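The values are calculated or read from the model by the stated rules, or taken from the named source; none is laboratory data. Not measured: the values here are computed from a predicted model. Cβ atoms come from the backbone with ideal geometry, glycine included; neighbour counts cover every protein chain shown. Accessible surface areas use protein heavy atoms only, side chains included; no ligands, DNA or RNA. Shrake-Rupley method; radii C 1.70, N 1.55, O 1.52, S 1.80 Å.
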Amino acid sequence: MRGSLAGPRVLLRRLREAMAERISAQERLDKIVTLIAANMVAEVCSIYVLRADGVLELYATEGLNKAAVHDTSLQIGEGLVGLIAAEAQPLNLSNAQSHPAFAYRPETGEEIYHSFLGVPILRAGRTLGVLVVQNRTRRVYTEEEEEALHTTAMVLAEMIAAGGIASIGRAGIELDLGRPMHFVGAGLVEGIGLGHVILHEPRVVVTHLIAENVYDELERLDASIASLRLSVDDMLARGEVAESGEHRDVLEAYRMFAYDHGWARRMHEAVETGLTAEAAVERVQSDMRARLMRQTDPYIRERLHDFDDLANRLLRDLMGAPHVADMDLPQDAIIVARNMGAAELLDYDRAKVRGLLLEEGGPTSHVAIVARALDIPTVGQIPGVVSLAEAGDAIIIDGDAGQVHLRPTGDIENAYADKVRFRARRQEQYLRLRDKPSVTIDGIDVKLKLNAGLLVDLEHLNEAGATGIGLFRTELQFMVASSFPRIGEQENLYRRVIDMVDNQTVVFRTLDIGGDKVLPYIRTVAEENPAMGWRAIRLGLDRPGLLRTQLRALLHAAGGRELSLMFPMITEVGEFDRAKVLLEREIAHLERHDHSLPRSIRVGAMIEVPALLYQLDELFARVDFASIGSNDLHQFMMASDRGNTRLANRFDALSASFLRAMKSIIDHADAAGKPVTVCGEMAGKPLEAMALVGLGYRYLSMAPSAVGPVKAMVHGLSVEKLKGVLDPLLENGGAATDIRQALTDFADAEGIPH
Ligand code: PEP
Ligand code: MG
């Protein structure tokens, strides 16, 4: 065998010619194995292709018995070929038959060949088959020979993936262009989506594999690597990256990899074997992906991911990347991304998006909040899924259970299609409730309102059958913007919201930023415990310019109409007083300048911090209304981070302690004659909402998708009967009683949907 690199280059050129010839797929494969065998001075060259039933079928051979083609087959893991496929790793043996995995297939006549070199045929980290060369003599194949075989396998992978050989295998058995996979992550937005994968950062499909001129390709590769390194340096040098912290660590690791000599060398070598620069990048990336999939150590996986990201950047640089706006979306797109910013999700055509899948993404991440607003079923925290999914793969997202089925089997697909039909029927039933008032059997009116934050939310107002907006999270406008929204932009949004809700009320919550709701364009100090940190009204009082601007925008927008606004995270009533002084100053300012003022202004506070429970009389003496942020109130009462998935179901809101706290609030409010709304997630869950109604709450505010189920619960409920069960539970139950179970039993006995 030749030691020089001319060998593989000549082979690649010949392969290209063979690809272009007008011959049948089988003839082409036969020609390819002959070419490879001749070029590598091997007596045998064989191609095994992986079928959908997990069997590797011999598709072509030079040197083995031709009659064995399409007859000989091996299971994954069986024999040397099966082992290569199972582990996605090459085998280089001078005496194949002494290897413990060797499986004898008499029909092939391979017993006379001792040395064996086999490589997996990989595409995007997925095994499509195995390519083998064999010789009679006991010899060890050189590293260059192994590399050359890898490169050849890559060309074959493109041919298989392009469907070029689909028709020639055993009749009726499909190729395995991807096995079904099942993942469990975190459900971030409820709902089920069936569709096809759209990669948020599409892998560039390399079609031009074989170099015309190796030196030109080396130059292109070097130029791209240099510009990649520069851009990573740039990111680090830019002021916006903090001096320390996780984000910086990630970028530092990135820089280290971008400068990694081993990586660059391997890509150079791949070009030297005759590949184009982009094919060389992909060739090395493919190995990396295969390693990534075998890797269980999360740290090393993460690092291999960094290489994967960098390789994608190189590919995009070499080939030019399509932009989201230019992407051809199918009607049932499921977007798969490592992570993305909230604004990026809004770039997609909502009408075509059926689901979102993120490798990262926590329940309170901004993109999850926007996905919830858009009602896009979302699953997060499935590391590595981007490299396992191919654009166009069938996929199912189950946001209720946090599950994902990639390339699902027919059974799974049918089961989910049933679920979707069932949900649609239920949705229809809810739709019928839309115009019915939300009144219990015993005639008690329970007002259902919407939580919103973006204009898109308001489209749901009528279709959901809610009455007004109980919580408008103004910070969402700030979170999806790339720079600080100016006063005019804020005013514009508020005016449109007030216009859209018509005569119903909308309660604007002033900015609840800080903590984990970071705005990229505001410099904040990293905090140890952001949820308990410098956020919401605390930040607003310390930066009165910010809060006053927002208050002015709200007053302008509501000119001549009603305005309801509330301040988040009030801990001491004094904070409410100070915030109200700022509001009064703005009102005075507008009066002085003859601006039209709102017809009426109602000012409220959010009850989210337990300390406020001990100032309820003072609070209700001051406010026009209150709203309970039960998400925060629960997390602070239970000392249990609401974003921590390990604690998600640990402390139940339907516990004596929390329900007693909620009861104390409504009792004080009733005594003072002030209305209180519950606007945390709790209000949108039928069983929890039922308990709240039992405690005396008459205003609940929730996500649009929750209105139907909660209204159905209200229609089946007798408050009188519920109180008969709930009151004694709260009086005597304590921690020993399972209140959730008792309420579930009650609802079941009464036929109340929950
Ligand atoms: C809450 O805390 O329950 C609430 C409604 O506010 P947010 O979820 O925006 O913190
Ligand atoms: Mg809150």
The chain: relative contact order in percent, alpha carbon pairs under 8 Å with at least 6 residues between: 10 percent
Kirkwood-based shape ratio for the range 2-161, expressed as Rg/Rh from alpha carbons: 0.93
Additional length obtainable on full extension of the chain from GLU731 to GLU591, 0.36 nm per residue less Cα span: 45.2 nm
Anchor LYS436: aspartates and glutamates whose Cα lies under 20 Å away (excluding residues fewer than 8 positions away in-chain): GLU428, ASP445, GLU459, GLU463, ASP502
LEU122 - accessible surface, heavy atoms, 1.4 Å probe, Å² rounded to 10: 20 Å²
Among 445-452, 711-718, the order from most to least packed when residues are scored by Cβ within 10 Å on average: 445-452, 711-718
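Compute the accessible area per residue over the chain, keeping the other protein chains in place, probe 1.4 Å, unit Å². Numbers along the way, then the final one.
Numbers: 32460 Å² over 754 residues.
Accessible area per residue: 43 Å².
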Spacing of the two label points (7 Å from each Cα toward its C-beta) at LYS723 and ALA103, in nm: 7.3 nm
For the range 425-512, the fraction of alpha-carbon pairs in successive 10 Å shells from zero, as %: 15, 42, 27, 13, 3, 0
In nm, spacing of pseudo-spin labels at PHE651 and PHE422 (7 Å Cα→C-beta vector): 3.4 nm
Carbon plus sulfur fraction of accessible area for the chain, probe 1.4 Å, in percent: 50 percent
Cβ-placed point charges (K, R +1; D, E -1), dipole of the chain about Cα centre in debye, nearest 20: 960 debye
Net lengthening on full extension, ASN213/THR409 (0.36 nm per residue, minus Cα-Cα): 66.1 nm
Highest-first arrangement of 737-748, 57-68, where packing means the average Cβ count within 10 Å: 57-68, 737-748
Pair HIS261, ASP624: separation of 7 Å Cα→Cβ label points (nm): 7.1 nm
Proximal lysines to LYS66, defined as alpha-carbon separation beneath 29 angstrom and excluding residues fewer than eight positions away on the same chain: LYS31
Inverse mean reciprocal Cα-Cα distance (Kirkwood Rh) of the chain, Å: 29.7 Å
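Using just the helices of the chain, give the 222 nm mean residue ellipticity in deg cm²/dmol: DSSP H runs with n ≥ 4 each add -39,500 (n - 2.57), and the total is spread over all residues, rounded to 500.
-14000 deg cm²/dmol
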Formal net charge of residues neighbouring ARG423 (Cβ-Cβ distance under 14 Å; K, R +1; D, E -1): -1
Surface accessible to a 1.4 Å probe, HIS182 within the full protein complex, Å²: 100 Å²
Solvent-accessible area of GLU17 with every protein chain in place, 1.4 Å probe, in Å² to the nearest 10: 100 Å²
